[in-house]
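Each reported figure results from applying straightforward, stated rules to the coordinates on display, with no laboratory input. None of these values were measured; they are calculated from a predicted model. Cβ placement follows ideal geometry from the backbone for every residue including glycine, while neighbour counts extend to all protein chains displayed.
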Amino acid sequence: MPEPTSLQISPADRAFWDCSFDNRLANFESLRKRESIEFHAEDSGPGFWSVVSYDDIVRIERDPETFSNAKGFTIMDMPAEILEFAASIVAMDNPRHRRLRNIVQSAFTMKAVTELQTNIALYADHIVDELPSTGQFEFVDLVSNRLPLYVICELLGIPESDRQVILRLADEVVGATDQTFSHSPGGSNALAEIYGYALDLGNRRLADPTDDLTSRLVHATVDGDRLTPSEFGSFVILLVTAGGDTARQAISWALHLLSENPGKRDVLLEDFDTHIGPAIEEIVRWSSPVPYMRRTATREVQIGGATIAEGDKVVLWYLSGNHDERVFSEPDTFDFTRSNVSAHIGFGARGPHHCLGANLARVEIGSMLRSLFTRYPDLRSVGRPELALSAFTSGITSLPAQLS
């Protein structure tokens, strides 16, 4: 087991994250300047390698045979029984990963998502209709949290009466509101509740199918295979936690970044259709709503100037890679006109585990921003965002806003 290689604060420590976002970026910049990647200790665990450069992250993501997902995707090692029912395809290797992804991915193609676009836009308009006409309001609660939750629940056929409960449980898992520091998901009781809810929903749709994603998934077959109840339950956990969190965090970051950069907002609003696509990519790059994912080495390998042993945990810090000055010019500047804006790894590095819901997230973010700025072109955030004290989500827990 390697020893920690310096006095550098570990990204698994509270001190690394209990600061402004600019300081978090500075902490990663200092890691990128090291001669080699660093091994960091854990309070309870064997430690892990921090991979912080863009090129190393891409290399690892695209080599799933050397860097496995099956032993976990978070810094903390989950108990095997929790990993089995809670992690879904995120914690699988081929061929099982490919089999399950083939069953579910048809619902998230660009064609499938485009068919949802009209309904997503209508609900975004509904959210804007309900905003207070005067004074400040809480943007996270009244805007960011609502659209992704609505879309996921509509897809799955979850009734409106259950949606606030689902949001609360998802927040407990990803730590989006809890200011107790965490570098890995928690909420084992919440996971169990979501899982139990999913099993009940799946059983009901097996017996009485309707026109929703749940019905299609529990009845779908690929090469004679169906999702087992356990596989369906874990997939629902993935959708309502990670699936909704990326879009809602990006929507909050969008308002903050456009408010802090009024010149860029003017460019966007002057020709929304031309610039919204690159703007979404830059919002995701800059904020990296999912700051990291983990792999486990299946053999000894050289990466980032270090020798990684078989069985070592390897953490891919997307937030750092997305601010790698060797790839992105002036990486801490928000600029959706940069030439390589789509090269970010905020949805992964286009390996086999590239974010399944990336297309859906893009449509949600674009629809929400279009509705907001069409009605209220002077909408802006007021003051600094309150950040989630977490290494697992690049979250904003509070963002005051006003319409004019």
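For every helix of n ≥ 4 consecutive DSSP H residues, a contribution of -39,500 (n - 2.57) applies; sum these over the chain, divide by its total residues, and give [θ] at 222 nm rounded to the nearest 500 deg cm²/dmol.
On the way: 16 runs with 184 residues, N = 404.
Result for the chain, helices only: -14000 deg cm²/dmol.
Taking the highest mean first, how do the peptides 284-297, 147-160, 389-402 order by number of other beta carbon atoms within 10 angstrom per residue?
Numbers: 284-297: 24.6, 147-160: 19.8, 389-402: 22.2.
Averaged packing, sorted descending, gives the order 284-297, 389-402, 147-160.
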Point to revise | Hydrodynamic radius of segment 293-404 per Kirkwood, over alpha carbon pairs, in Å | key: 17.5
Practice item. Could you pull out every one of the aspartates and glutamates with an alpha carbon less than 16 Å from that of Lys264, ignoring same-chain neighbours closer than 8 positions? Key: Asp273, Glu281, Glu282, Glu330, Asp332, Asp335, Asp378
Point to revise | Intensity falloff of the chain expressed as log10 I(q)/I(0), Debye formula with alpha-carbon point scatterers, at q = 0.08, 0.14 Å⁻¹ | key: -0.41, -1.31
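Mind checking the full-extension length gain between Thr118 and Arg34? Use 0.36 nm per residue of separation minus the Cα-Cα distance, one decimal, nm.
On the way: separation 84, 0.36 × 84 = 30.24 nm, distance 4.84 nm.
Residue separation times 0.36 nm, minus the Cα-Cα distance, leaves 25.4 nm.
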Exercise for review: Using only the alpha carbon atoms of segment 136-242, find the Kirkwood hydrodynamic radius as the inverse mean reciprocal pair distance, in angstroms to one decimal.
Suggested key: 14.8
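Could you tell me the relative contact order of segment 14-402? Use alpha-carbon pairs under 8 Å, at least six residues apart, and round to a whole percent.
Details: 629 pairs, mean separation 111.2, N = 389.
Relative CO of segment 14-402 lands at 29 percent.
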Point to revise | Size of segment 107-151 as Cα extents on the principal axes (Å, biggest first) | key: 40, 15, 12
Point to revise | Percentage, to the nearest whole number, of Cα pairs in segment 49-154 over 21 Å apart | key: 61
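Only Lys, Arg, Asp and Glu count, each charged at its Cβ (+1, +1, -1, -1), so figure out the dipole size of the chain about its Cα centre, rounded to 20 debye. Please report the intermediate quantities before stating the final value.
Details: 36 positive and 57 negative charges, 126 e Å.
Around 600 debye, computed over the chain.
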Revision key, fill the gap. Using alpha carbon centers only, segment 69-104 is separated from segment 367-387 by a whole-angstrom value of 36
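What Kirkwood hydrodynamic radius, in Å, does segment 237-302 give when the mean of 1/r is taken over all pairs of distinct Cα atoms and then inverted?
On the way: mean 1/r = 0.0715 Å⁻¹.
Kirkwood hydrodynamic radius for segment 237-302: 14.0 Å.
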**Study point:** Alpha-carbon Debye profile of segment 365-404, log10 I(q)/I(0) at 0.24, 0.31, 0.36 Å⁻¹
**Key:** -0.86, -0.97, -1.05
Exercise for review: Provide the three semi-axes, in whole Å and in decreasing order, of the ellipsoid equivalent to segment 189-228 as defined by the square roots of 5 times the Cα gyration tensor eigenvalues.
Suggested key: 20, 13, 7
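Could you tell me which GluC sites (Glu not before Pro) in segment 290-398 are loop residues by DSSP with no more than 15 other beta carbons within 10 angstrom of their beta carbon?
Numbers: sites: Glu300, Glu310, Glu325, Glu364, Glu386; in loops: Glu300, Glu310, Glu325.
Those satisfying the criteria are Glu300, Glu310, Glu325.
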Review point. Under a point spin-label approximation (7 Å from Cα along Cα-to-Cβ), what is the Asn94-Asp208 distance to one decimal in nm?
Key: 4.2
Study note, to complete from the structure: The distance between the Cα centres of segment 26-59 and segment 289-365, in whole Å, is 13
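Please give me, ordered by residue number, the trypsin sites (Lys or Arg not before Pro) of segment 186-245 that lie in loop per DSSP and have at most 16 other Cβ atoms within 10 Å.
On the way: sites: Arg204, Arg205, Arg216, Arg226; in loops: Arg226.
Counting only loop positions with at most 16 other Cβ atoms within 10 Å, the trypsin sites (Lys or Arg not before Pro) in segment 186-245 are Arg226.
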